[in-house]
Amino acid sequence: MKSRTKYLIISGFGLLIIILIPFLGIIDIDISKLFSNDPDSFIFWQLRFPRTIMAFLVGSSLALGGLIFQNIFKNSLATPYTLGVSSGAAAGTVAALKLNLALSIFGINLVYIAGFLGGILSILLILGISRITKSYSVYTILMSGVAINFFFSAFILLLQYMVDITQTISVLRWLMGSISTTGYKDILILLPIWIFFILTAVLLNKELVLISGGENFAVTRGLDVKKFRILLFIIVSLITGVIVSIVGPIGFIGLIVPHIARQFVKDDFRFLVIVTVIFGGILLAVADLLARTLIPPVEIPVGIITSFFGAPFFLFILITSLRKKI
Amino acid sequence: MIRVEALSFVRDKEILKNVDLIIKEKELTILIGPNGAGKTTILKIISGIIRDFSGNVFIRDKNIKHLSRRELARSISFQPQSEEFLLPISVKDVLLAGRYPYKKLFSDYDKNDLDIYDKCLEKFDIANIVSRDINTLSSGERRRVLIASAYIQDVPVLLFDEPFSNLDPEGVMDLKKIFAELKKEGKTILVVSHNLEPLYSLTDNLISLREGEVLYSGKRSSTAEVLKKTFNMNFEKIEHNKQEIFIPHEKQD
């Protein structure tokens, strides 16, 4: 297939799904009323459309973050979520909320910065542990991730326990990962970072392939692995931090999507980035559709949906990858 | 020419002790020594993987400490004994990575790179496996691909760590031909190998290392003596069809 054609097909497919999803739901939308002063128009443009776009942006970023982490750590189980970057970001966000730091400097809300710093803290912990033990093995890194996840979960619970009960419910809802409360304001915050993130991955496709071949492979082909790794950690932590502070930690997208995308795209990393972005966006948008339609009129937090379906898939990857090694 | 001066390296224990070496241009040199003698460490230092060593390494009179990673990757390639690819990676990606040192930031592999790539596929007869994951190849195919990936890097100096391990006889013959060709093209080649046999007819120089120290470095001659000192065993030289083979015997006291 000619290279431009495949990009057009996958983008068209993504666009189609994203346009289709806001039409679906408990209330049917009448297309003819879309641009009139009608409840249908309100539901479409003010409720379903922004949250579908938000789900797409979040899902695609989580998926791409997963792909990048998998390449850096050379393991399909390593993602910002499994390594504790998300829970670090969540802890940072909750701490900022608890301290009433919801003020902004130069137009940037401190809550996002706290999320970013929490994510960076997790990465530093993992790298520190690997360095002290002189073992950069997958085992060390994943185990460190488990420990970091537990620690930050305990920290969040402690803060939760101390805040007053009315706040607890909204924090709890956010902690489960939910897109329902987001609007155009959040999209405008995320969009520039999203564009920067995707461009980075597309432009650095050669380097990402090199690093996935291992440190020695990359170094002997002229890549400064250490600098490149730090750059990627900062960028992934930045977008993970911002996403977590808006919609909460949402798991398994970063794990599942790159795995599926790799089955389709074998030898064109730039295209793999695009496929991962579009699949990730669609998957979370569909999960969010399920979240708001599965048990009406209750809204299930989308994080519960992704974990519910994602966890068995995680085990599936684990079992197949272990069986391959034997 | 590669010149190694007063090279020492310590990690937990002393691995290399004040090593001086010269690896001659356009010749094939074999580096031998018992396990743990520091052979692989030398290759890793010359190729820039290990940087916290003391002493100096010069490639054509340029100190590698003053070369950028890209500059170094344009003069030297290194194929480790078992390159671990933990994620799926296609043969095409592995090969094109060899063009990376020539690329500017954000620039794509262009027609020139792809021409070299195509030539490489033909030369190493691997066009039929380009889109396969390297982890699914047989060890013979895999070795061909990795040597091709050194070749596509277009460097004057090629380093190999145990290139003949895990190969069936056909794979060994195959690889021998490839080495003969690389030498004919004027490449400087340094091979770490326990097994002198397959490359012996192409070998110009021999370096022997034991416990981090150089025992012998020079022209290939009196090999049986060098082997005896290196491995603490007696070796018997046998000539067969103009090929020399060295057979180890237990040392008699």
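The values are calculated or read from the model by the stated rules, or taken from the named source; none is laboratory data. Predicted, not measured: the structure shown is a model, and the values here were computed from it. Heads up, the Cβs are rebuilt from the backbone with ideal geometry, glycines too, and the neighbour counts pull from every protein chain shown. We work out accessible area using only protein heavy atoms, side chains counted, and drop any ligands, DNA or RNA first. Shrake-Rupley method; radii C 1.70, N 1.55, O 1.52, S 1.80 Å.
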Item to complete: For residue B:54, work out the one condition from (1) surrounded by 12 or more Cβ atoms within 10 Å (Cβ to Cβ); (2) in contact (Cβ under 8 Å) with a residue 40 or more places away in the chain; (3) in contact with a Leu (Cβ under 9 Å, 6 or more places away or on another chain) it doesn't fulfil.
Response: (1)
Worksheet item: Which residue pairs have Cβ atoms closer than 7 Å, lie 6 or more positions apart in sequence or on different chains, and pair a first residue in region A:26-37 that is closer than 21 Å to residue A:300 by Cβ with a second residue that is open to solvent by 80 Å² or more (accessible area, probe 1.4 Å) and not in a loop (DSSP other than H, G, I, E, B)?
Response: none
Practice prompt. Read through the list (1) within 14 Å of chain B (Cβ to nearest Cβ); (2) charged (D, E, K, R); (3) open to solvent by 20 Å² or more (accessible area, probe 1.4 Å), then give the number of the only condition that residue A:185 fails.
Written response: (1)
Practice prompt. Looking only at region A:193-214, decide whether some residue is within 28 Å of residue A:138 (Cβ to Cβ), within 14 Å of chain B (Cβ to nearest Cβ), open to solvent by 30 Å² or more (accessible area, probe 1.4 Å) and assigned to a loop (DSSP other than H, G, I, E, B).
Written response: no
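Before we move on, is residue A:43 farther than 30 Å from residue A:85 by Cα, of a type in the set (Val, Ile, Thr) and assigned to a loop (DSSP other than H, G, I, E, B)? Before you say what the answer is, go through the steps one by one.
Working: farther than 30 Å from residue A:85 by Cα: yes; of a type in the set (Val, Ile, Thr): yes; assigned to a loop (DSSP other than H, G, I, E, B): no.
So residue A:43 does not fit the description; no.
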Item to complete: Give region B:1-42 a look and list any residue that's of a type in the set (Ser, Thr, Tyr) and either open to solvent by 70 Å² or more (accessible area, probe 1.4 Å) or under 17 Å from residue B:206 (Cβ atoms) (or both), or say none.
Response: B:29
Discussion item. Is it the case, given these coordinates, that residue A:308 is more than 14 Å from chain B (Cβ to nearest Cβ), over 22 Å from residue A:205 (Cα atoms) and touching a residue at least 40 places away in the same chain (Cβ under 8 Å)?
Written reply: no
Discussion item. Just the residues that are in contact with a helix residue (DSSP H, G or I) (Cβ under 6 Å, 6 or more places away or on another chain) and either open to solvent by 10 Å² or more (accessible area, probe 1.4 Å) or free of Cβ contacts under 8 Å to residues at least 40 places away in the same chain (or both), please, taken from region A:42-52.
Written reply: A:44, A:48, A:49
Practice prompt. Output yes when any residue across region A:53-68 is surrounded by fewer than 24 Cβ atoms within 10 Å (Cβ to Cβ), at negative phi and modelled with pLDDT of 90 or more, and no when none is.
Written response: yes
Practice prompt. Working only within region B:75-109, note down all residues that are more than 7 Å from chain A (Cβ to nearest Cβ) and open to solvent by 30 Å² or more (accessible area, probe 1.4 Å).
Written response: B:81, B:82, B:102, B:104, B:105, B:107, B:108, B:109
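Quick check: is even one residue across region B:3-19 in contact with a strand residue (DSSP E or B) (Cβ under 7 Å, 6 or more places away or on another chain) and at the interface with another protein chain (Cβ under 10 Å from one of its Cβ atoms)? Don't jump to the end; show me each part of the working.
Step one: list which residues in region B:3-19 are in contact with a strand residue (DSSP E or B) (Cβ under 7 Å, 6 or more places away or on another chain), which gives B:3-9, B:15-19.
Imposing the further condition that a residue be at the interface with another protein chain (Cβ under 10 Å from one of its Cβ atoms) reduces the set to none.
No - not one qualifying residue is present in region B:3-19.
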Worksheet item: Just wondering, is there one or more residues in region A:160-170 that are within 28 Å of residue A:280 (Cα to Cα) and either surrounded by 20 or more Cβ atoms within 10 Å (Cβ to Cβ) or within 14 Å of chain B (Cβ to nearest Cβ) (or both)?
Response: no
Discussion item. Where the second residue is among the basic types (Lys, Arg) and the first is facing chain A (nearest Cβ under 8 Å) and lies in region B:61-74, which pairs have Cβ atoms under 6 Å and are six or more apart or on separate chains?
Written reply: B:73/A:221
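Restricting to region B:5-35, what's the tally of residues that are touching a residue at least 12 places away in the same chain (Cβ under 8 Å) and more than 16 Å from the chain's Cα centre (by Cα)?
First pass over region B:5-35, keeping only residues touching a residue at least 12 places away in the same chain (Cβ under 8 Å): B:5-9, B:14-34.
So of that shortlist, the ones also more than 16 Å from the chain's Cα centre (by Cα) come out as B:5-9, B:14-20, B:34.
Qualifying residue count, region B:5-35: 13.
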Practice prompt. Tell me, yes or no, whether region B:61-73 has at least one residue that is closer than 21 Å to residue B:193 by Cβ and within 18 Å of the chain's Cα centre (by Cα).
Written response: no
Worksheet entry | Answer residue from region B:110-141, given it is open to solvent by less than 60 Å² (accessible area, probe 1.4 Å) and under 21 Å from residue B:76 (Cβ atoms) and is farthest from the other protein chains (Cβ to nearest Cβ) among those | B:124
Practice prompt. Assess whether residue B:113 counts as being within 24 Å of residue B:187 (Cβ to Cβ), assigned to a loop (DSSP other than H, G, I, E, B) and either at pLDDT 90 or above or basic (Lys, Arg) (or both).
Written response: no
Item to complete: Scan region A:222-234 and give yes if some residue there is crowded, with 24+ Cβ neighbours inside 10 Å and either more than 10 Å from every other protein chain (Cβ to nearest Cβ) or more than 25 Å from residue B:46 (Cα to Cα) (or both), otherwise no.
Response: no
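Do we have any residue at all in region B:229-242 that's under 25 Å from residue B:5 (Cβ atoms) and free of Cβ contacts under 8 Å to residues at least 24 places away in the same chain?
First pass over region B:229-242, keeping only residues under 25 Å from residue B:5 (Cβ atoms): B:229-230.
Next, from what is left, pick out any that are free of Cβ contacts under 8 Å to residues at least 24 places away in the same chain: B:229.
For region B:229-242, residues under 25 Å from residue B:5 (Cβ atoms) and free of Cβ contacts under 8 Å to residues at least 24 places away in the same chain: present.
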Worksheet, complete the sentence: Over region B:121-157, the set of residues of a type in the set (D, E, K, R) and in a loop (DSSP other than H, G, I, E, B) is B:125, B:132, B:154
Response to the item:
Counted residues in region B:195-228 being among the small types (Gly, Ala, Ser) and surrounded by fewer than 18 Cβ atoms within 10 Å (Cβ to Cβ) come to 5
